[in-house]
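Peer 1: Here's a structure for you.
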Amino acid sequence: MINFENWHGNGNDFLIINSIEQSIKLTKSFTKTILDRNEGIGFDQLIVIGLPTKYDHDFFVRFYNSDSSEASMCLNGIRCASSYIWKNSLAPIKKIFFKTKHVDIKCFPENNKHVSVIIKKPKDMQNIQLKKKLDKVLKHDFFLLNIGNKHLVISENSIEKLTRVRLYEELKK
């Protein structure tokens, strides 16, 4: 039996497992099964909070995508992980230093409802082939960022004007 909590942040849903207070061994097949919305619990990402691996961090956090691959980081997820830690009294309500697969992160509470995150400047992705494809499909300014996981950032006055399904279908061609 694995204890977990479901959390939501900015439209993403996460399953958080505390590996500090319970010993768990995650296999790729188990992770893939529980992430599946039809076969398992279903959520966008699995977050596993563990003990620090370095003396200058408070926690080590791992993020698993729906295909069971490990992401380097997730901003919405790290905010949920911080709130989980404070809610469950795993650390005092003050600044927390995290280590993830490739990123160091600082989080601190803003008030009772918000978490601020400090990360290094995201890297601009240099995927020329994808940029050419997006140039043909998008009629908007955009850029690609990698903040531990890949993001397409589109400049648009209203999200209602942008049809994600149409964009996805165009990019598959």
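The values are calculated or read from the model by the stated rules, or taken from the named source; none is laboratory data. Everything numeric here is computed off the predicted structure, so don't read it as measured data. Surface areas here come from the heavy atoms of the whole protein model, side chains and all, with no ligands, DNA or RNA. Shrake-Rupley method; radii C 1.70, N 1.55, O 1.52, S 1.80 Å.
Peer 1: Normalised by the number of residues in the chain, what is the relative contact order in percent for Cα pairs under 8 Å and 6+ residues apart?
Peer 2: Reported as a whole number, the value is 14 percent.
Peer 1: Once phi is turned into ³J(HN,Hα) by the Karplus curve 6.51 cos²θ - 1.76 cosθ + 1.60 with θ = phi - 60°, what whole-Hz value does each residue of the stretch 8-16 show in order, with x for glycine and proline?
Peer 2: Result, rounded to whole Hz: 10, x, 6, x, 9, 10, 10, 10, 10.
Peer 1: Taking 30 Å as the cut-off for C-alpha to C-alpha distance, list the pairs among 54/131; 94/131; 32/95; 28/54 that go past it.
Peer 2: Pairs exceeding 30 Å: 54/131; 94/131; 32/95.
Peer 1: Rounded, prolate or oblate, given the Cα gyration tensor of the stretch 7-50, with a/c below 1.5 counting as rounded?
Peer 2: It comes out oblate by the Cα gyration axes.
Peer 1: May I ask you to derive the relative contact order of the stretch 1-48, considering only C-alpha pairs under 8 Å and at least 6 residues apart, and to give it as an integer percent?
Peer 2: Relative contact order here is 38 percent.
Peer 1: Ignoring ligands, DNA and RNA, please state the percent of accessible area on the chain from carbon and sulfur, probe 1.4 Å.
Peer 2: Roughly 50 percent, rounded to a whole number.
Peer 1: Same structure again: Given Cα pairs under 8 Å that are at least 6 residues apart, what percent is the relative contact order of the stretch 90-149?
Peer 2: Once divided by the residue count of the stretch 90-149, the mean separation gives 24 percent.
Peer 1: If you roll a 1.4 Å probe over the heavy atoms of the protein chains, what accessible area per residue do you get for the chain, in Å²?
Peer 2: 65
Peer 1: So what's the back-of-envelope 222 nm ellipticity for the chain, counting only DSSP H runs of four-plus at -39500 (n - 2.57) apiece and dividing by all residues, rounded to 500?
Peer 2: So the helix-based figure for the chain works out to -7000 deg cm²/dmol.
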